[in-house]
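Coordinate-derived values only; no laboratory data. As the structure is a computational prediction, the values presented were derived from the model and not from experiment.
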Amino acid sequence: MTALDIQISVEEGNWPDEEALLALSSPVLEAAAAFLVAEEGQPLPKMPPEVSLVFTDDASMRSINAEWRKQDKPTNVLSFPAFPVTPGKMPGPMLGDIIVARETLEREAQELEKSFDAHLTHLLVHGFLHLFGYDHMVDDEAERMESLETRILARLGLSDPYGDRSPD
């Protein structure tokens, strides 16, 4: 595992306590970081880079999404890199923030017939990749990011969230 300095904040919503969230998220993000280092050659700062996880509700997420993305609706996860970064380039010591909305997470997990923890794991990996400059706004970038997510999740024992394809 690759060491990260993970800061947890429960701002709104019916979330487990911060200790439980750290116990769930720490191995997920450290596995994702280790994968990026080993498989993608991603450099990391010498000191463990910091990532902030903010757990909130749909109302708060809707406000954040409206302010920053001009979309007046809640979404499952938003990421805010601390510094501009390109995949494969050295990030700063502070990676950024990942914000997750409780109600959207629960609703999607139920619709997808996945456990809460499995869907949260996927959203954390997805948000974490954004902090390293990965995106899904155009098809080529989306395919690349989804492939990375699928491969990281497979290492964590979870199935492909985008379908039944093999995680090459």
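Here Lys73 is the anchor, and the lysines within straight C-alpha reach of less than 27 Å, apart from those fewer than 8 places off in the same chain, are Lys114.
For the chain, modelled as a GNM whose springs connect Cα atoms under 10 angstrom apart, the maximal fluctuation among Val37, Val28, Val77 occurs at Val37.
Each Cα pair of the chain feeds into the Kirkwood radius, which the Stokes-Einstein equation turns, at 25 °C and 0.890 mPa s, into a diffusion coefficient of 153 µm²/s.
Cross-link reach is defined here as a Cα-Cα straight distance under 16 Å, omitting same-chain residues fewer than 8 places apart; for Lys46 the aspartates and glutamates meeting it are Asp5, Glu30.
Convex hull volume per residue, computed on the Cα atoms of the range 18-103, equals 106 Å³. Considering only Gly127, Gly96, Gly41, the mean-square fluctuation computed in a Gaussian network model of the chain, springs between alpha carbons under 10 angstrom, is largest for Gly41. Of all DSSP beta bridges confined to the chain, the antiparallel ones make up roughly 30%.
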